[in-house]
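**Q** Structure in structure tokens, see below.
The values are calculated or read from the model by the stated rules, or taken from the named source; none is laboratory data. In this text, all values refer to a predicted model and were calculated from it rather than measured experimentally. When we count neighbours, we look across all protein chains shown, and the Cβ atoms used for this are built from the backbone with ideal geometry, even at glycine.
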Amino acid sequence: MTLAELASPPKDYSYAFLDEFAKRELRRRILKAIAIPGYQVPYASRELPIARGWGTGGLQVTLSLVGPKDIIKVIDQGDDDSVNAANLRRFIARMASVETTTDALRATLIQSRHRVPEERLSEGQVLILQVPQPEPLRGVEHSAAKAQEMHADADYALMWLGLYEQLVRYGKFVTGASYPVIVHKRHLMSPSPIPRWDTPSLHQAAHLTLLSAGREKRLYAVPPYTDVYPIEFTDVHFSVEDQSGRVCELSGATQKFMNEIPQADGSSRYTVSDTGYAAKLLKQKHGEAATPGATYYDDNGEFYHAGYLKH
Amino acid sequence: MLATSNINSIILQSPILVSATPLLRANNFVKRYGRVTAVAGVDVAVYPGEVLGIVGESGSGKSSLLRLLNLEEKPEQGEYYLDLKGYHNVNLLELDRFHQRQVRIHHIGIVYQHPHLGLRMRHTSSGNVAERLIMANERSFAAMRAAARASLASSEFPLDRLDDLPLRLSGGMQQRVQLAKAIALKPELLLLDEPTSGLDVSVQALVLDTLKRLQRERHITIVIVSHDLGVIRTLADRVMVMRHGHVIETGLTDQVLEDPQEAYTQQLVHAKL
């Protein structure tokens, strides 16, 4: 018997690419993030074979959590097939030999850039959002040290000054994506650049949301069934993008977040942004077996937590 | 009969300045910047409704003292009391960051010589005033807007320019926005750091007018720092003369400016004349 026979066969990479120490560190950070909802936990962001800004934060969290039995879905702006999503999915599948899917309800881990699926996720599922800029106070406070102090004191007043300025100048809140929220009545959090439409989906959600910024080396979490409220005035409320009057060209769906396709004559056509969900609707339309799940917004645009949206 | 007893009680009362407890008490303030001692053991007492002027040449420590009184910086030594509800006999310098900020937001207003120190130049003027209300946990847009408008009106700011950026306002108007911001929450104490120094004489007179009217109407306690004896003479009841971080002379304004005792004060008054 030789030493070579006793040792495990040599491999080019560890399982799921990251070495075990890196994964252990990430998991510890994730536990801390879950323990303090909305709090940004610093972590040692590793080098990956993709560039910073292309989802390295989300990818590290996915790689540290993935196991052989997981089913992976990767979304880029609602789309399963765009370059970013396709590459990340292939990479994760190759490194962890896991099954992949486009069905949001079948997936155990969903890594996403800038969208939350339309269908309601359930307990046990993990949504991993890629974050370019984790600090919601960056716009009002340039110093990271000062911003940390403000988080410690829960001194978020300046955010409301920003809202005031928006109302005075534009007559409405103009923050399109990354609308700041207060998590668990304590920490101000940037929900990553998801549209306002998706922000309510994080409130009292059944699934766990992890948000991770690879370049900024910070991750944070919204645990299941946690309060998430967008910042607003008592007399002027947060509202989601108005999707009324928009009908999906392909599936005929209404009151879902739509991609706008500008036409040569100046008009616009629309398709559902969430391609996984749209595929199910299409199948159903053609009489094939498909069961689209319950969505966060019903066909009248009503959010599933009645009374959460005041408009 | 009634009149006599009234007169008697009035005569028996000691002067308000003696009987009242001071609103502001600062004992033995010391502040050093490296090897420079900016404030070297200064005691200040200001009574409710009084205007205290602090004069002195550049570098005499008067602006440093004002920053200490505004709880912006921490002195190396000293005790600081404000006679406010909930803060009687509480040394404000021993409070934590959070409570110090609460005191600063609710009870102290400040107007700086340079508007860019006190204002957000790229926010609207009304937004600058609203900031104070937001800091005090106001979350209603309508209430904020109304309060900002009222505050700007009482500092005689032209209301048609309510939502202009301070960047695009004249110096006098910028100072009025600062003043509106400072008085938005009706603070007990107003600190003025050379409020009219950058302004030409006619605008200066108008701003001083506004200050004087506010002081009269709201019975607000003011500490004003200036090197301009004219400003001090117009506003202040009492004067403190500072030099090299020390208070060298203090007394009623007329008394100090008409009959200065210290050589330096005499020089200062004569230089003015």
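**Q** Could you please find all residues in region A:224-237 being part of a loop (DSSP other than H, G, I, E, B) and out of contact with any Ser or Thr (no Cβ under 8 Å at 6 or more places or on another chain)?
**A** First, pick out the residues of region A:224-237 that are part of a loop (DSSP other than H, G, I, E, B): A:224-227, A:231-237.
A:PRO224, A:TYR225, A:THR226, A:ASP227, A:ILE231, A:GLU232, A:VAL236, A:HIS237 - these are the residues of region A:224-237 that are part of a loop (DSSP other than H, G, I, E, B) and out of contact with any Ser or Thr (no Cβ under 8 Å at 6 or more places or on another chain).
**Q** Also: Sort out which residues of region A:209-238 are under 16 Å from A:VAL131 (Cα atoms) and not small (Gly, Ala, Ser), and write them in order of number. Lay out the reasoning, then the answer.
**A** In the first step, residues of region A:209-238 are kept if they are under 16 Å from A:VAL131 (Cα atoms); the result is A:209-222.
Scanning region A:209-238 gives A:THR209, A:LEU210, A:LEU211, A:ARG215, A:GLU216, A:LYS217, A:ARG218, A:LEU219, A:TYR220, A:VAL222.
**Q** Residues being in a loop (DSSP other than H, G, I, E, B), over 10 Å from the mean Cα position of the chain (by Cα) and touching a residue at least 60 places away in the same chain (Cβ under 8 Å): count how many of those fall in region B:214-231. Spell out the reasoning first.
**A** Let us first name the residues in region B:214-231 that are in a loop (DSSP other than H, G, I, E, B), namely B:219-220, B:226-228.
Narrowing further to those that are over 10 Å from the mean Cα position of the chain (by Cα): B:219, B:226-228.
Checking the rest, the ones that are also touching a residue at least 60 places away in the same chain (Cβ under 8 Å) come to B:219, B:226-227.
Residues meeting the conditions: 3.
**Q** Could you tell me how many of the residues in region B:122-131 are more than 7 Å from chain A (Cβ to nearest Cβ) and more than 22 Å from the chain's Cα centre (by Cα)? Break it down stepwise before answering.
**A** So the first thing to find is which residues in region B:122-131 are more than 7 Å from chain A (Cβ to nearest Cβ), and the list is B:122, B:125, B:128-129.
Narrowing the set further to residues that are more than 22 Å from the chain's Cα centre (by Cα) leaves B:122.
The total comes to 1.
**Q** Take region B:149-174 and flag every residue that is more than 14 Å from chain A (Cβ to nearest Cβ), buried (at least 19 other Cβ atoms within 10 Å of the Cβ), closer than 20 Å to B:LEU214 by Cα and of a type outside the set (Gly, Ala, Ser).
**A** B:PHE157, B:MET173, B:GLN174
**Q** Which of the numbered conditions does B:LYS186 fail, given that it passes all the others? Conditions: (1) surrounded by fewer than 17 Cβ atoms within 10 Å (Cβ to Cβ); (2) over 18 Å from the mean Cα position of the chain (by Cα); (3) not aromatic (Phe, Trp, Tyr).
**A** Going through (1) surrounded by fewer than 17 Cβ atoms within 10 Å (Cβ to Cβ); (2) over 18 Å from the mean Cα position of the chain (by Cα); (3) not aromatic (Phe, Trp, Tyr) one by one, B:LYS186 breaks only (2).
**Q** Given (1) within 28 Å of B:VAL36 (Cβ to Cβ); (2) touching a residue at least 40 places away in the same chain (Cβ under 8 Å), identify the lone condition not met by B:LEU235.
**A** Failed condition: (1).
**Q** Which of the residues spanning region B:132-148 are more than 7 Å from every other protein chain (Cβ to nearest Cβ) and either surrounded by 14 or more Cβ atoms within 10 Å (Cβ to Cβ) or hydrophobic (A, V, I, L, M, F, W, C) (or both)?
**A** To start, the set of residues in region B:132-148 that are more than 7 Å from every other protein chain (Cβ to nearest Cβ) comprises B:132-133, B:136-138, B:143, B:145-148.
Residues satisfying the conditions are B:ARG132, B:LEU133, B:ALA136, B:GLU138, B:ALA143, B:ARG145, B:ALA146, B:ALA147, B:ALA148.
**Q** Working only within region B:175-213, note down all residues that are more than 23 Å from B:ALA143 (Cα to Cα), in a helix (DSSP H, G or I) and either within 14 Å of chain A (Cβ to nearest Cβ) or among the polar types (S, T, N, Q) (or both). Quick ask: steps written out before the conclusion?
**A** Let us first name the residues in region B:175-213 that are more than 23 Å from B:ALA143 (Cα to Cα), namely B:175, B:189-213.
Right, trim to in a helix (DSSP H, G or I) and you get B:175, B:201-213.
B:GLN175, B:SER202, B:GLN204, B:THR210 - these are the residues of region B:175-213 that are more than 23 Å from B:ALA143 (Cα to Cα), in a helix (DSSP H, G or I) and either within 14 Å of chain A (Cβ to nearest Cβ) or among the polar types (S, T, N, Q) (or both).
**Q** Any residue at all in region A:246-265 that's within 14 Å of chain B (Cβ to nearest Cβ), within 22 Å of the chain's Cα centre (by Cα), under 19 Å from A:PHE303 (Cα atoms) and not in a loop (DSSP other than H, G, I, E, B)?
**A** First, the residues of region A:246-265 that are within 14 Å of chain B (Cβ to nearest Cβ): none.
Among the residues of region A:246-265, not one is within 14 Å of chain B (Cβ to nearest Cβ), within 22 Å of the chain's Cα centre (by Cα), under 19 Å from A:PHE303 (Cα atoms) and not in a loop (DSSP other than H, G, I, E, B), which makes the answer no.
**Q** Of these, A:PRO292, A:PRO200, which one is touching a residue at least 12 places away in the same chain (Cβ under 8 Å) and in the same structural domain as A:ILE34 (by TED's automatic domain parsing)?
**A** Values: A:PRO292 fails: in the same structural domain as A:ILE34 (by TED's automatic domain parsing).
Answer to the selection: A:PRO200.
**Q** What tally of residues in region B:232-253 results from selecting those that are out of contact with any helix residue (DSSP H, G or I) (no Cβ under 8 Å at 6 or more places or on another chain) and among the charged types (D, E, K, R)?
**A** Total satisfying the criteria: 0.
**Q** Only one of A:ARG120, A:ARG169 is under 26 Å from A:LEU59 (Cβ atoms), assigned by TED's automatic domain parsing to the domain that holds A:PRO42 and not polar (S, T, N, Q); which? Spell out the reasoning first.
**A** Values: A:ARG169 fails: under 26 Å from A:LEU59 (Cβ atoms).
Answer to the check: A:ARG120.
**Q** Further question: Out of all the residues in region A:1-58, which are of a type in the set (A, V, I, L, M), within 28 Å of A:GLU99 (Cβ to Cβ) and crowded, with 16+ Cβ neighbours inside 10 Å? First the steps, then the outcome.
**A** Residues of region A:1-58 of a type in the set (A, V, I, L, M): A:1, A:3-4, A:6-7, A:16, A:18, A:22, A:26, A:30-31, A:33-36, A:41, A:44, A:48, A:50-51.
Imposing the further condition that a residue be within 28 Å of A:GLU99 (Cβ to Cβ) reduces the set to A:16, A:18, A:22, A:26, A:30-31, A:33-34, A:48, A:50-51.
Passing the criteria: A:ALA16, A:LEU18, A:ALA22, A:LEU26, A:ILE30, A:ALA33, A:ILE34, A:LEU48.
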